[in-house]
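One structure is given below, encoded as structure tokens.
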Amino acid sequence: ADGYYQYQMDECVYSTSDYSDMVYLRSLSFNKDVDVQFNSTVGKFVGYTEEGVKYAENFDKNQAYLQLSKAAVDTFCRHNAQLWDPSVRDKA
């Protein structure tokens, strides 16, 4: 019961069937508080806590990681939505 709780959550948010409004979010949390988040619409990491600001600055300096995160809206979100959405929509 005692200890720390750290996790990462990746989300793909969209409401249109052509995925034109697709947004990729990656949130890094510690003890249920979001420290830092990447938003593909913003195109960079944003810190929400004192530690998160430091993480965001470091992540944003790493151009390779930043480009990989920016590409995730296509490589992760749209790719998986195109695979899974038809089977879900057919059931509705």
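The values are calculated or read from the model by the stated rules, or taken from the named source; none is laboratory data. Keep in mind the model is a prediction, meaning the values are calculated, not measured. Neighbour counts are summed over all protein chains in view; Cβ atoms, including those assigned to glycine, are modelled from backbone coordinates with ideal geometry. Just so you know, the surface numbers come from the protein's heavy atoms only, side chains and all, with ligands and any DNA or RNA stripped out. Shrake-Rupley method; radii C 1.70, N 1.55, O 1.52, S 1.80 Å.
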When the solvent-accessible surface of protein heavy atoms is calculated with a 1.4 angstrom probe, in what order do Val36, Val23, Val13 fall, highest first?
-> Val13, Val23, Val36
Over the chain, calculate the relative contact order: mean separation of alpha carbon pairs under 8 Å at least 6 apart, over the residue count, as a percent.
-> 19
Accessible area, probe 1.4 Å, largest first, for residues Met9, Met22 = Met9, Met22
Measuring from its Cα centre, the chain shows a charge dipole (+1 at each Lys and Arg Cβ, -1 at each Asp and Glu Cβ) which, in debye to the nearest 20, is 220
Residue-level accessible surface for Lys61, protein heavy atoms, 1.4 Å, Å² | 150
Dipole axis of the chain (+1 Lys, Arg; -1 Asp, Glu on Cβ), positive-most option in Met9, Asn31, Tyr65 | Tyr65
Nearest 20 debye, what's the magnitude of the dipole of region 20-63 about its Cα centre given +1 on Lys and Arg Cβ and -1 on Asp and Glu Cβ?
-> 120
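Can you give the translational diffusion coefficient of region 6-83 in µm²/s, computed by Stokes-Einstein from the Kirkwood radius over Cα pairs at 25 °C and 0.890 mPa s?
191
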Can you give the calculated 222 nm mean residue ellipticity of the chain, where each DSSP H run of n ≥ 4 adds -39,500 (n - 2.57) and the sum is split over every residue, rounded to the nearest 500 deg cm²/dmol?
-> -11500 deg cm²/dmol
